[in-house]
Every structure is written in C-alpha cells, then in structure tokens.
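Sharing a structure here in structure tokens format.
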Ligand code: ADP
Ligand code: MG
C-alpha cells in the first residue's frame, strides 16, 4: 500500500545529537542538531514526521515521500535532504521523541523573512550572495522559479511558498526552498486532498485551492488510472498557478519596501482584491514614490510585467454538465522569467 519504495538514507539515532529548537511553535518539533557520520560531524535539521490523519499510517509518510521526490526533481533548489532516522522508545531522548524524523543539511540561519525585516534588505542579501544590490530581486526570483519550475515539471506543487520557507544556503550562497509539509504530488495524489485548505492565507491565491474541490481524489483512484488522469487534470486546472501567485507576492515584497511588513502585505492583498486583481490598477491608484517602485520600474517595467503575470488568479468555470474547472489568464513559471539580471 503506502509503503515507500525509496526512503532515502537511513541513519541511526545514536549518530544524532539534538541541539536547539528551530520550530516556530504551531507545528513544533524542528530542531538543529549534529550527525556523526563516521567521517565527520555535520550540522543538520531534524523534523518529526506528522501523522495528520488518524488511522491512516501511510499518510504520515507523505512529507517523507515528497522530500525524496523533490530531492530527485529539484536538487540544488530545495534544501539538501539527507534521509531519515527511526527513533525507537529505547533510543528516544527528551527532544528526540520516538517515531520517524526527517533530516536535512543545516543550510544556514537566515530565511528570506529575516532579510525582509531588515531596513537594508537588498544590500544585506547582495552582500551575502556576493552580487550587486540592483541584481538581488531578479536573482532571488530566478532561483525561486528554478526550484518551482523543476517541482512543477515533476508534478509537484509546493503550496507553501513564503519568505519563511525560503532559506539562504550559506555554502552555495543562494536561496533554496524548504518545508514540503504542504507539498502535493498531483501525479499520484500524495498529500493532496481536494477540499483541504491548510495554507498560509497571506500568501494564498484568491481561489485558495490547487484544484477545484470536486475534482477526483487521485489517491483513492487506482494508480495507473491516476497517472493517466493527472496530465489532463493539470492542463485543465493548472494547479502550479497556486505557487505562481505566492511567488508574485514574494516578488512584490522584495521589490517594494512598504509591502515587507505583514500589515503592508495584508493591505496590499485587500487592495488588490478591490481592484479585481489588476496590478496595474493598483499601481496607478497607489502612486507610490519612485523609491518604492524603482526595482519594478527598471527595464521598461519588466518587474511589473512579471509580477502582473504571476498575480493573475484563476477563475472558476462551470461547464454545461456542471463540471468545474479553473481557467487561468496567467502563465506558468517558465524559464527564463523575463527580467534581466544586471
Ligand atoms: P514548519 O513545518 O514548522 O514550518 P519548516 O520545514 O519550515 O517547518 O522548518 C521550520 C524552520 O526551521 C524554518 O523556518 C527554518 O528557519 C528552519 N529550517 C528548516 N529547514 C532548514 C534547513 N535545511 N537549514 C536551516 N534551517 C532550516
Ligand atoms: Mg515552514
């Protein structure tokens, strides 16, 4: 049944030392630690696999499964997944509770959310990446889109793209995606429950769902049938546009200083709704000073065009037979993304 074919590398609990908690509270159980792999000791991040649905043991493996897939599909653009540890009752410590823990390389201590809080946001990123401040927005967007493009090509939708889930990897001096806890595999239906909305409202597209709620439960469909149906559903509903929209919001926050706070973002979201999701109307009504919009204005407004295409919501269409689909005016994330690197 839900047995994992490839779980990645298995480590022993005795190789692990837990240091400090990294979890933000609500979901908890994310720690920094070390892995003694014989050849040397490395810093790692450990996260307890959630068992979200009572009585369905295999559901607990979803984040694990998705990490194995994503590592294969988007290597270098998502945090390095290092495998897992099954902690028995005997091996458990106060922090390392019994159960399955997933493990990643410790990429660094700065997420994009950290940089957005800084007054010198773009300069700080430029310094850490070793590039010029003018190139920061385009470079970060490109790295984000590389990762999402690779996930989408593999049939995965991240569904939780936001600054807290984008980490600066110190070794490679680039940003990577983390947190596949909400990621869905739309080829097989893994971690995809059509009527579930567990997502961060501030970064969610207005239609809120990846797929219309009445679309088939792929995970309850025979696997060969699910695999055959999946490309059709993808074409029909464009689930990847869910991540496109979140990415558009991240771009706006990076580019426009007044949108970096959570109240700034909330105001932007409600204003955009008032303008019927027409970014140009928002721009024309808002009349921000040039220093707020310089990044978007550069190159004949290339940044505005990119943000506008990412921030187009899908519309719900009902056909004559009552079938519901999402119709998108917006494009998929394709590379190159159309803004010049300076
Ligand atoms: P949650 O489900 O709690 O949001 P995340 O996977 O987003 O779990 O991890 C929580 C926090 O832990 C992240 O916001 C980040 O600060 C830190 N973190 C996660 N993965 C890594 C990593 N590979 N390297 C460094 N820090 C990480
Ligand atoms: Mg997270």
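As a test of the definition: which semi-axes, in Å, follow for segment 112-328 when you take the square root of five times each eigenvalue of its alpha carbon gyration tensor? Largest first, please.
In descending order, the three semi-axes are 32, 21, 14 Å.
Just to be sure I understand the model, the point goes 7 Å from the Cα along the line to the Cβ. What's the resulting residue 315 to residue 6 distance in nm?
Distance between label points: 4.2 nm.
Using only Cα atoms, what Kirkwood radius does segment 91-200 have, in angstroms?
For segment 91-200, the Kirkwood estimate is 15.9 Å.
To continue, here is another question. At a 10 Å Cβ-Cβ cut-off, how would you order 111, 247, fewest neighbours first?
In order of increasing Cβ crowding within 10 Å: 111, 247.
For segment 27-149, what is the Kirkwood hydrodynamic radius in Å, using each pair of distinct C-alpha atoms?
16.9 Å
Expected output is a single nm value to one decimal: the length gained when fully extending between residue 294 and residue 164, i.e. 0.36 nm times separation in residues minus the C-alpha distance. What is it?
Extending this stretch completely gives an extra 44.3 nm.
Assuming R0 = 25 Å, what is the FRET efficiency of residue 123 and residue 262, from their Cβ-Cβ distance, to the nearest 0.05?
Using R0 = 25 Å, I get an efficiency of 0.70.
Fewest Cβ neighbours within 10 Å first, please rank 93, 293 accordingly.
Least to most surrounded, the residues fall as 93, 293.
For residue 113 and residue 132 in the same chain, what is the full-extension length gain: residue separation times 0.36 nm, less their Cα-Cα distance, in nm?
4.8 nm
Cut-off is 10 Å between beta-carbons; in what order do 175, 31 appear when sorted fewest neighbours first?
With the sparsest Cβ surroundings first, the list reads 31, 175.
FYI, it's all coordinate maths here, none of it is from the lab. Quick caveat, the model's predicted, so the values are computed rather than measured. So basically every Cβ, Gly included, is an ideal-geometry build from the backbone, and we count neighbours across all protein chains shown.
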